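Asker: One structure coming up, written as structure tokens, with questions to follow.
What follows is calculated from the coordinates using simple rules that are stated; it is not laboratory data. Since we're looking at a predicted model, the values are computed, not measured.
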Amino acid sequence: MSLPVSDDVKRLHDGVALHFAADQEQALNSWVAVALADGKVSELFDTRADAVRHQSNEALYFYIQLVEVMSLKEAETVLRVNRQFARAGMRLADPEREVVLPMRQEHLPLARRPHTQTAAQIMQMIANVKPLLSVMSRADRRYWEREIRKAEAMLRG
């Protein structure tokens, strides 16, 4: 017996499927913006930058490149993970952008910041990041596991 699927997940699934049904060749490798609030899928864009540029507020959407029609389970996972990232104040990496190193103190890892954060803030950061570890790349996961260990050690001692 399968679990009920939310309207948001169905909207994401159906939006992607519709793009492929309408013109599979055009849909393949195109980018879409997906609303975090309701899973609504935008029109097709050639690049991620174009998809971002055409949204009223970049932070209200996440962006995916279409490679195939996704199953309902995949749609549910994609929506859930991107919502978790958004709640944690994070985004999945943009493959078209060069990585920029942090230049401000608040962008530095916890261990390199002045100790101005409260224990509650540190515990909240850990609680926000831990559920996301399973969907991160190996390098990102190792980085965040190391940062979590540093933060936990700082709380203990």
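Asker: Separation of region 1-70 and region 132-150 by C-alpha centroid, Å?
Answerer: 27 Å
Asker: Could you name the lysines in cross-link range of residue 10, using Cα to Cα under 29 Å and dropping any fewer than eight places away on the same chain?
Answerer: 40, 73, 130
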